[in-house]
Amino acid sequence: MNIIFIRDVIISKTYHVNCEIQLVKALNRLGNKTKLIGIGDKNTFGEELILLKCPFDKRKYLLLKLLFFLPIYCINKKIDAVILDQHIIPATIFLLFIKRIFKIKVILDVRSIPVEMDLPWDYKISCQFARKFFDGVSYITPGTQFFIEDMLKSKFKKSTLFPSSVNPAIFYNGITNNIPLELKERTKKTINIFYHGSISPNRGINLILDALNQIKNKFSNILFISISDNNEFITEYCKKKKYNLSDNLLLIDIVPHEKLPSYINLADLCIVPLPKIYWWEISSPLKLMEYLAMEKTIILSDIKAHLDIVPRDSDFVKYFNPDKTDDLSQKIVDAISNLGLLKSNAWKGREIIKQKYTWDIQAKTIEDFVRKI
């Protein structure tokens, strides 16, 4: 089948696009011809990616461009299925006029609900339009499905689920990829606590910093490694709280996706500290998948999104209550005290990934869904 995914994102500034590319490659390994369409001018990924320039950097002009581009492209390339996010829905009007003639299936893909913001005014209207005129929908989690169906008070004709996943051929324990020597030396004799990804007030990073400040005297060699494009949040938070953590922080800017596993490999403990907020409860946390694939000991907030993937009694994780003061610091101390035992069981995390959360598994789900519509 010929399939295109469309994302309303600037590829060079959207780091999770690397995962979309992995999904495209997985679909192609099944014998499909799949492409990802996004916004940008420089393609660093290869033939799986098609970049469109956004006229005048205005979304409305991009939608206007797609309005004409999509039907022409789909006819010329004999596209069987178009899978797109909510932002692209207004650009499908002309495509919907021809989809039955050319047997093109149009599918909405809901990867998340709007986070850290109110619902945009057009969100519900767009979803209602898609429910009426699209051929189906894919959701990232059952919770996301419930949210959309509850908002619309109705269901799509056809639906499927596929969660965040990881490529275990890229994320595996033991990979090094030429990490700078000075970084290796800096982390050789420390207890390394690791976090990577976006940082904002509602992602729980403050909980890690509070805990670090509480236990730094107990473990003088503890080091918090953060890989993010917003590490300024950490320095500003420490300044505001008057935390003297300069010797306990290693802040690194975003690294290429293919090198990220090498940095994760430096970790003794990985932390996913998401607070108990509805949009996180129904999410499918990519960072957790990557840590599991890397066979890492993990400390997790006890939100539903984490518990749905890793049972609470797993012997390689520690769960903490983000609403309970000092609980994270206590769990870190407990994990460090039992680090050897926890690490010896961490291989079980990779087994979870291999059984349920690889892009090859999700690609088969999508392929079967498109065929059945």
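When the charge dipole of the chain is built from unit charges on Cβ atoms (+1 for Lys and Arg, -1 for Asp and Glu) and taken about the Cα centre, the candidate among H306, S226, A130 whose Cα reaches farthest toward its positive end is A130.
Of all aspartates and glutamates in the structure, those lying under 17 Å Cα to Cα from K241, and not within fewer than 8 positions of it along the same chain, are D210, E232, D326.
About the centre of its Cα atoms, the chain shows a dipole size close to 1080 debye [charges on the beta carbon of Lys, Arg (+1) and Asp, Glu (-1) only; nearest 20 debye]. Note on the chain: with a GNM built from Cα contacts shorter than 10 Å, the maximum mean-square fluctuation among G340, G349, G143 falls on G340. Computed on region 61-133, with alpha-carbon pairs under 8 angstrom and 6+ residues apart, the relative contact order is 33 percent. Over 28 Å between C-alpha atoms is what I'm after, so list which of K216/K240; K77/K259; K60/K372 land there. Over 28 Å Cα-Cα: K77/K259; K60/K372. Across the cross-link table entries K304/K343; K25/K348; K99/K354, which are compared at the Cα atoms, the separations over 29 Å belong to K99/K354. Centre-to-centre, using Cα atoms only, region 101-125 and region 142-201 are separated by 21 Å.
Where Lys and Arg each count +1 and Asp and Glu each count -1, what net charge lies around A91 among other residues with Cβ under 14 Å from its Cβ? Local net charge: +3. Charged neighbours of Y237, selected by a Cβ distance under 13 Å, balance to +2 (K, R count +1; D, E count -1).
Here is the list for region 189-257: trypsin sites (Lys or Arg not before Pro) lying in DSSP coil, each with at most 15 other C-beta atoms within 10 angstrom of its C-beta, are K189, K218, K242.
At a temperature of 4 °C and a viscosity of 1.567 mPa s, determine how fast the chain diffuses translationally according to Stokes-Einstein, using the Kirkwood radius over alpha-carbon pairs as Rh; express D in µm²/s, rounded to the nearest whole number. Translational diffusion coefficient: 59 µm²/s.
Kindly identify region 1-110 as rounded, prolate or oblate by the Cα gyration tensor criterion: order the square roots of the eigenvalues as a ≥ b ≥ c, call it rounded if a/c is under 1.5, otherwise compare a/b with b/c, prolate if a/b is larger, else oblate. Please list the in-between numbers first.
On the way: a/c = 1.77, a/b = 1.06, b/c = 1.67.
Oblate.
Summing Cβ point charges (Lys, Arg +1; Asp, Glu -1) relative to the Cα centre of region 59-201 gives a dipole of roughly 540 debye. Working from Cα pairs under 8 Å separated by at least six residues, relative contact order for region 192-297 is 36 percent. The lysines within cross-link reach of K53, meaning a Cα-to-Cα straight distance under 19 Å and a gap of 8 or more places when in the same chain, are K13, K35, K42, K65. Give, as a single signed number, the net charge of other residues whose beta carbon lies under 14 Å from the beta carbon of D313, with Lys and Arg counted +1 and Asp and Glu -1. Result for the local shell: +1. Packing, as the average of other Cβ atoms within 10 Å across residues, places the peptides 326-338, 130-142, 172-184 in the order 130-142, 326-338, 172-184, highest first. For region 63-166, the normalised intensity computed at q = 0.11, 0.13, 0.19, 0.22 Å⁻¹ comes to -0.34, -0.47, -0.96, -1.20 (log10 of I(q)/I(0), Debye sum over alpha carbons, equal scatterers, no solvent). Across the accessible surface of the chain, with the other protein chains kept in place and a 1.4 Å probe, carbon and sulfur atoms take up 53 percent. Here the gap between I254 and K276, fully extended at 0.36 nm per residue and compared with their Cα-Cα distance, gives a gain of 5.3 nm. In the chain, helical runs assigned H by DSSP with n ≥ 4 each contribute -39500 (n - 2.57); averaged across all residues and rounded to the nearest 500, the mean residue ellipticity at 222 nm is -11500 deg cm²/dmol.
Apply the a/c threshold of 1.5 to the C-alpha gyration tensor of region 266-321 and tell me whether it is rounded, prolate or oblate. Prolate, because a/c is 1.5 or more and a/b exceeds b/c.
When the convex hull of the Cα atoms of region 192-269 is projected onto a plane and the area is averaged over all directions, what value comes out in nm²? Working shown, then result.
Details: hull surface 19.6 nm².
Its Cα hull, projected and averaged over all orientations, spans 4.9 nm².
Whole angstrom only: what separates the Cα centroid of region 315-373 from the Cα centroid of region 36-90? Computed from Cα coordinates, the inter-centre distance equals 34 Å.
Keeping every protein chain present and rolling a 1.4 Å probe, give me the accessible area per residue for the chain in Å².
The answer is 47 Å² per residue.
For the chain, the relative contact order is 16 percent, taking Cα pairs closer than 8 Å that sit 6 or more residues apart in sequence and dividing their mean separation by the residue count. In a DSSP loop and with at most 11 other Cβ atoms within 10 Å, there are no chymotrypsin sites (Phe, Trp or Tyr not before Pro) in region 21-95.
The values are calculated or read from the model by the stated rules, or taken from the named source; none is laboratory data. Computed from a predicted structure; not experimentally measured. Methodologically, a virtual Cβ is constructed for each residue, glycine included, from the backbone with ideal geometry; neighbour enumeration extends over all protein chains shown. Accessible surface areas use protein heavy atoms only, side chains included; no ligands, DNA or RNA. Shrake-Rupley method; radii C 1.70, N 1.55, O 1.52, S 1.80 Å.
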